[in-house]
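Take a look at the structure set out below.
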Amino acid sequence: MKDALPPPGAPLPHYVSDAPFDPTSIERLPEGRESLYRASQLRLTWWRFRRHRLALASAIFLAFVYLVAIFVEVVAPYNLHSRNPDFIYAPPQRIHLFDEGHFVGPFVYGRKMTLDMDNLQRLYTDIPGEVQKIRFFCHGDDYNFWGLIPADIHLICPARDGQMFLLGTDRMGRDELSRILYGARISLSIGLLGVTVSFILGIVIGGLAGYHGGTVDLLVQRLIEVLQSIPSIPLWLSLSAIMPVTWSPLIVYLGITVILGLLDWTGLARAVRSKLFSLREEDYVLAAQLNGARPRRIILRHLVPGFLSHLIASATISIPSMILGETALSFLGLGLRPPIVSWGVLLTEARDVTVLAFYPWILLPTVPVFLVVLAFNFLGDGLRDAADPYR
Amino acid sequence: MLRFILWRISVMVPTLILISMLVFTIIQLPPGDYFESYVNELQAMGENANGAQIQELRHRYGFDQPQPIRYLHWVGGMLHGDFGYSFAYRMPVSDVIGDRIWLTVLVSFVTVIFTWLVAFPVGIYSATHQYSWGDYGLTFFGLVGLAVPNFILGLVMMYFANLWFGLSIGHLMDQQYLGQPMSWDKAKSILAHLWIPTIIIGTSGTAAMIRRVRANLLDELRQQYVITARAKGLHPFRALVKYPLRMSLNFFISDIGSILPAIISGAEITAVVLSLETTGPMLISALKSQDMYLAGSFLMCLAFLTVIGMLVSDIALALLDPRIRLQGRSTR
């Protein structure tokens, strides 16, 4: 009996079998369901997400839009600031395929401008027979790709010495399509950057409140309540009014993203906090604690994966409000300013009802705003449904 | 009940204090103050600033004192109705904003009612006819309201109202009533102009509301008690109205808290486009000219309005649902 126990402090002798071990040997999984039971959470999420057709389509659409925004210099037929003084407020041109019954491929007709002196209006008429074939992968306006690499390749451009304004031109004869494409870069990145700011703030502040509880929690709760009870647009407005007029447009851009993110974290923080509170009580956390895991490991390894998907979903849903917020701020003249062009800046041109009456294509930047906001909404819905694949 | 209301009001106080601190910080953030830029402007035009008057104003509004004192001064003034001095208008702020605040309250209130009137039946229809064409169509309309910026909607409606009805829909009343004291005719004129801003501002809130009513009611409709009621032969309409609808009413009232800030925000932008006589246009011009007491008072009033709205919705909810009353008492 005495020599069965080792002296105090010495390791207990134990035996580990090196025979191969199959954890499912006793309870065989049903045939064909094995992949389902063994699938990781990420895979399950993806399967669930794939079933939401609208969300999937939105994801593809958004990926496409962001791709365009990245390579905008190549995709846009003109540069952001190239003016065509001969074509001021020109209406959108139609792409034709057939000229008088003959197939010539995509082309636009040349245009002639006449002044209607009665209404003081420019009238543009197609010149029949003047076929301007659209060129693809061609040399056009010079640009610096991302401000770094000089190039002049465009995906599509007008015929040599011709014009092509598929969405019309504005009051300086700048191509609306190109400007909308360039605006996408700013408007879309503002959403992402703003959400990044609010994501970090939300996780840190919400995490602190949920982890420490007590006084910190109480303070954070109050702060969230206060921020949520002030209408966001007036608050955004007053914060952006603080930025001096002398700041360069780029710094203003960064400032606006920070402002948008600064007031948006409250919802995320609330979600993090409540999730931390409820997940803390779960059995697997207790098990981890009993196994001797440290708080850091418990939070990062066991708790965060449990609600990260929810956070991503709710962050996605808050992107559209940022895009709309930027649009509103810029429209009211307290957001971005030219030469930086976002969809909101483009829409400031439409502030006048007369513009609407005579040049309705100036309102076209509304369409991408609408589509992107809708797509983010659907994507967020799909992600939220998929975030909890075990349900 | 009275105890609940008192408790709820006492909770409001720290919130308001925090809001006032935040607003004060914001209006103090821009470098310099209005007087500096004003004096500079006058000197640039070759005129002499009236130094004595400016010194007097500076002293009166405590610009020569440290920040915390100025804050207390500001808040103390607000408590007895002195909101400070609007430097751009050369008038006390309360004189400048008086009417506008009430019109903002009116517009917001009518919009909330509109949101309810639309969202309630539409949400019920969408939930009871889930995945029907009607559901999809209404949801789509809701999404349009959600995704099109308010100001664009305002512009387009302004244009078409002009084109089709020959109606000028800007402003909140006919021009002859501007600056007039309230009269029966003025009230009628305001009511005649009110519907367009209401629709424009209401769209975004309505969309969100419809989606939530639908989701909420769908959850209730899946409950066992509904199946029981149906199985016992209760008419579908009665089975809907008697139980699940009453459950989702709760949320309907509690939701004011979240839609009110959105509605006030939307009202501010729409007001600029339609040049309504509400706080919106003036807030923006005040912000642009750094007339910070005016802007601060607007912000404070809007926030106060929201907090009061939430208070009302909480009290209504407590009246409706005893559980909330009792919970409020126990956590006290």
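The values are calculated or read from the model by the stated rules, or taken from the named source; none is laboratory data. Every value quoted in this text rests on a predicted model; they were computed, and no experiment measured them. Note that we place each Cβ from the backbone using ideal geometry, even for glycine, and neighbour counts take in every protein chain shown. Accessible surface is based on the protein model in full, side chains and every heavy atom, while ligands, DNA and RNA are left aside. Shrake-Rupley method; radii C 1.70, N 1.55, O 1.52, S 1.80 Å.
Highest GNM mean-square fluctuation among A:Trp247, A:Trp46, A:Trp236, for chain A modelled with Cα contacts below 10 Å: A:Trp247. Summary of packing: across the peptides B:260-268, A:145-153, A:315-323, the per-residue average of other C-beta atoms within 10 Å ranks them, highest first, as B:260-268, A:315-323, A:145-153. When peptides A:174-184, B:2-12 are ranked by their average number of other Cβ atoms within 10 Å per residue, the highest-first order is A:174-184, B:2-12.
Counts of other chain beta carbons within 10 angstrom of each beta carbon in peptide A:326-332 average 5.
Would you mind working out the magnitude of the charge dipole of chain A relative to its Cα centre, with +1 at each Lys and Arg C-beta and -1 at each Asp and Glu C-beta, to the nearest 20 Debye? Display every interim value, and only then the final one.
Numbers: 34 positive and 33 negative charges, 195 e Å.
The calculation lands at about 940 debye.
Grab the Cα-Cα distance for B:Val13 and B:Val39, subtract it from 0.36 nm times how many residues apart they are, and report the gain in nm with one decimal.
Working: separation 26, 0.36 × 26 = 9.36 nm, distance 3.85 nm.
Going from the current span to full extension adds 5.5 nm.
Note on B:Ala161/A:Val245: beta-carbon distance plugged into 1/(1 + (r/R0)^6) with R0 of 35 Å gives a FRET efficiency of 0.50. When the Cα positions of B:Pro149, B:Ala208, B:Leu249 are compared along the charge dipole of chain B, B:Leu249 comes out farthest toward the positive end, with charges on each C-beta of Lys, Arg, Asp and Glu.
For peptide B:19-25, the mean count of partner chain Cβ atoms within 10 Å of a residue's Cβ comes to 2.
A helix-only calculation puts chain B at -26000 deg cm²/dmol for mean residue ellipticity at 222 nm, using -39500 (n - 2.57) for each DSSP H run of at least four residues, averaged over all residues.
Report the paramagnetic label zone for B:His59: residues of region B:86-129 whose backbone N is under 13 Å from a point 7 Å from Cα along the Cα-to-Cβ axis. None, by backbone N distance to the label point.
Could you give the length gained on full extension between A:Tyr15 and A:Trp47, defined as 0.36 nm per residue of separation minus the Cα-Cα distance, in nm? Before the final figure, lay out each step's value.
On the way: separation 32, 0.36 × 32 = 11.52 nm, distance 4.24 nm.
Fully extending the segment from A:Tyr15 to A:Trp47 adds 7.3 nm.
Pairing chains B and A buries close to 3500 square angstrom of accessible surface in total, based on protein heavy atoms and a 1.4 angstrom probe.
Could you tally the net charge around B:Lys232, taking each other residue with its Cβ under 15 Å from the Cβ of B:Lys232, Lys/Arg +1 and Asp/Glu -1? Numbers along the way, then the final one.
Numbers: positive: B:Arg230, B:Arg238, B:Lys242; negative: none.
Neighbourhood net charge equals +3.
Note on A:Leu290 and B:Met1: with the Förster distance fixed at 30 Å, the Cβ-Cβ geometry gives a FRET efficiency of about 0.05. Under 16 Å from the 7 Å Cα→Cβ point of B:Lys242, by amide nitrogen: which residues of region B:200-235? Hits in region B:200-235 for B:Lys242 at 16 Å: B:221, B:223-235. Contact with the other protein chains removes 30 Å² or more of accessible area, compared with the isolated chain and a 1.4 Å probe, from these residues of region B:132-164: B:Leu143, B:Leu146, B:Ala147, B:Pro149, B:Phe151, B:Ile152, B:Leu155, B:Tyr159. Among B:Met157, B:Met310, B:Met282, the residue with the largest mean-square fluctuation in a Gaussian network model of chain B, with springs joining Cα atoms closer than 10 Å, is B:Met157.
Counted by Cβ distance under 11 Å from A:Asn79, the other residues give a net charge of -2, where Lys and Arg count +1 and Asp and Glu count -1.
With +1 assigned to the C-beta of every Lys and Arg and -1 to the C-beta of every Asp and Glu, and no other charges, what is the dipole magnitude of region B:95-320 about the Cα centre in debye, to the nearest 20? Before the final figure, lay out the partial values.
On the way: 13 positive and 12 negative charges, 205 e Å.
Value, rounded to 20: 980 debye.
On the principal axes of its alpha carbon atoms, the protein assembly as shown extends 114, 79, 68 Å, with the longest extent given first. With all protein chains in place and a 1.4 Å probe, the accessible surface of region A:93-164 carries 58 percent carbon and sulfur. The length gained by stretching the chain between A:Arg83 and A:Leu308 to full extension, at 0.36 nm per residue less their Cα-Cα distance, is 76.3 nm. What whole number of Å gives the distance from the Cα centroid of region A:119-155 to the Cα centroid of region B:192-207? Here the two parts' Cα centres lie 42 Å apart. Using a probe of 1.4 angstrom and keeping all protein chains present, the accessible surface of the protein assembly as shown works out to 52 square angstrom per residue. For the options A:Ala241, A:Ala39, A:Ala328, a Gaussian network treatment of chain A with springs between C-alpha atoms closer than 10 Å singles out A:Ala39 as fluctuating the most. Inter-part distance, region A:36-82 to region A:156-178, computed on C-alpha centroids, equals 28 Å.
Taking the Cα centre of the protein assembly as shown as origin, sum charge times position over the Cβ atoms of Lys and Arg (+1) and Asp and Glu (-1), and report the length of that vector in debye to the nearest 20.
Details: 57 positive and 53 negative charges, 543 e Å.
Charge dipole of the protein assembly as shown: 2600 debye, to the nearest 20.
Shown in residue order for region A:366-380 are the 3J(HN,Hα) couplings computed by the Karplus curve 6.51 cos²θ - 1.76 cosθ + 1.60 at θ = phi - 60°: 4, 4, x, 4, 4, 5, 5, 4, 4, 4, 5, 4, 5, 4, x Hz (x for Gly and Pro). Which residues in region B:249-287 place their backbone N less than 20 Å from a point set 7 Å from the Cα of B:Asp219 along the Cα-to-Cβ direction? The answer is B:249-260, whose backbone nitrogens lie closer than 20 Å to the label point.
I need the calculated FRET efficiency for the pair B:Ala316 and A:Ala39, taking r as the beta carbon distance and R₀ as 60 Å, to the nearest 0.05. Show your work: numbers first, answer last.
Values: r = 47 Å, r/R0 = 0.79.
Calculated value: 0.80.
The residues neighbouring B:Phe140, those whose beta-carbon lies less than 15 Å from its own, together hold a net charge of 0 under the Lys/Arg +1, Asp/Glu -1 convention.
Between A:Phe145 and A:Ala151, the built amide H atoms are under 5 Å apart, and every one of these is 5 or more places off in sequence or on another chain. Legend: mean number of C-beta atoms from other chains within 10 angstrom of residue C-beta atoms, peptide A:237-248, equals 5.
Compute accessible area for region B:292-326 by itself and then with all protein chains, 1.4 Å probe, and report residues whose area falls by 50 Å² or more. Residues meeting the cut-off: B:Leu299. In straight-distance terms, cross-link reach from A:Lys133 covers every one of the lysines whose alpha-carbon lies under 25 Å from its own, apart from those fewer than eight places away in the same chain; here that gives A:Lys112. Report note on the peptides A:261-267, B:149-155, B:70-76: ranked by the mean count of other C-beta atoms within 10 Å, highest first, their order is B:149-155, A:261-267, B:70-76.
A simple spin-label model places the labels of A:His212 and A:Phe277 1.7 nm from each other, with each point 7 Å out along Cα-to-Cβ.
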